[in-house]
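Comments concern the structure below.
The values are calculated or read from the model by the stated rules, or taken from the named source; none is laboratory data. As the structure is a prediction and not an experimental result, all values here were calculated from the model. Cβ placement follows ideal geometry from the backbone for every residue including glycine, while neighbour counts extend to all protein chains displayed. Note: areas computed on protein heavy atoms with side chains; ligands, DNA, RNA excluded. Shrake-Rupley method; radii C 1.70, N 1.55, O 1.52, S 1.80 Å.
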Amino acid sequence: MLYTQRRIIGATLSIVILSMIVLMYWTVSTTEADVPHADAFDPSVDSTAVVVFTATMYKGVDDLRMQLAIDLCSTAQKFHIRLVVVDGSPPDVQAVLGKHCRNLFTQKTQSRGGAIREAITHCLQLNPKPTILLWQEPEKVDLLRFHSSIAEPILNSKADIVMPRRSTHALSTYYPPEQYHSESFGNLLLDEYALRYIHNNVSLKDATPVDWLFGPFAFNVKLANHWLDYNGTHWNAQLVPIINALQVVDTTNRLQSVEVEYRHSAKQKAEETGSIAFTEKRLMQLRLLVADLKEAWVQSVK
């Protein structure tokens, strides 16, 4: 009888210990892993040369993406990365976000594209003036640790535009499977359009593959007008200006793709995996961008 009791107690303790280990792993995977650690940052690039800019809009403070945006602002401030945020949230939500974001501006226009143009305008008014502007979505907190490697080709006159590219491992491991498949397919198609229609920038052949659907990009401030002059309203406001800049006649604007082992938010992956709403959003985004980018390439060679 005593032996049986000991076995039961032993089994129970094993289950408790295993549960604690699983809980500890889950906690690290969904919180600490979402915020880069101090030793992950490369301080080799002058912090005044680069300005990261983004746009936010949240209905409430409990939105997961708002919590990630707060992490972005706090991390940027901690590591002296200049960050400009244009926000279209209701005043009470913006007030909470503003406690963490130093350069926060209220959005005046009504679209994502408008917010991007507003953010660029604010960046150009900073003192000291930046050399490079780097766009990223606010939930991509981990990308901050790569800002030096993204900026380096532009600072060293090896490129005018840089688009970070997720490694195959990063995309397949840290993203929902639906997003991994849709964006892998979309990137292949957009590369094919680019290589078919490019006419005066042979360096693009060396830049592919390009992670068109990742989102972030960096550019030399001398090219800012390509974004300011394009009236796109959604994701096209990020990408079509890149095509326009590459296709300008008698220019040598160069694009470089830089691979990054970016770790997407574990919480965001969990929320979006198996979600019909998010999967349909991915398909809608892919349809819009493929149509707009193909048109931009075709128009640029006419």
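Tell me, which helices (runs of 4 or more DSSP H) wholly within region 218-291 include 3 or more residues that are out of contact with any Pro (no Cβ under 8 Å at 6 or more places or on another chain), over 19 Å from Asn187 (Cα atoms) and open to solvent by 60 Å² or more (accessible area, probe 1.4 Å)?
Values: elements: 224-228, 236-246, 266-272.
Correct list: 266-272.
Might you let me know whether region 183-195 holds any residue that is in a loop (DSSP other than H, G, I, E, B) and either over 18 Å from Gln285 (Cβ atoms) or open to solvent by less than 30 Å² (accessible area, probe 1.4 Å) (or both)? Looking through region 183-195, none of the residues is in a loop (DSSP other than H, G, I, E, B) and either over 18 Å from Gln285 (Cβ atoms) or open to solvent by less than 30 Å² (accessible area, probe 1.4 Å) (or both). Checked against (1) closer than 30 Å to Leu283 by Cα; (2) assigned to a helix (DSSP H, G or I); (3) open to solvent by less than 50 Å² (accessible area, probe 1.4 Å), Ser148 meets all criteria but (1). Could you list, in sequence order, all residues of region 106-126 that are over 14 Å from Val240 (Cβ atoms) and crowded, with 19+ Cβ neighbours inside 10 Å? Once the filter is applied, which keeps residues that are over 14 Å from Val240 (Cβ atoms) and crowded, with 19+ Cβ neighbours inside 10 Å, region 106-126 yields Gln107, Gly114, Ala115, Glu118, Ala119, Ile120, Cys123.
For Val84, the conditions (1) more than 21 Å from Glu271 (Cβ to Cβ); (2) open to solvent by less than 50 Å² (accessible area, probe 1.4 Å); (3) β-branched (Val, Ile, Thr); (4) touching a residue at least 60 places away in the same chain (Cβ under 8 Å) are fulfilled apart from (4).
Are any of the residues in region 158-171 among the charged types (D, E, K, R), farther than 22 Å from Ala237 by Cβ, part of a helix (DSSP H, G or I) and over 15 Å from the mean Cα position of the chain (by Cα)?
Taking region 158-171 and keeping what is among the charged types (D, E, K, R), we get 158, 160, 165-166.
Okay, now just the ones that are also farther than 22 Å from Ala237 by Cβ, so 158.
Checking the rest, the ones that are also part of a helix (DSSP H, G or I) come to none.
Among the residues of region 158-171, not one is among the charged types (D, E, K, R), farther than 22 Å from Ala237 by Cβ, part of a helix (DSSP H, G or I) and over 15 Å from the mean Cα position of the chain (by Cα), which makes the answer no.
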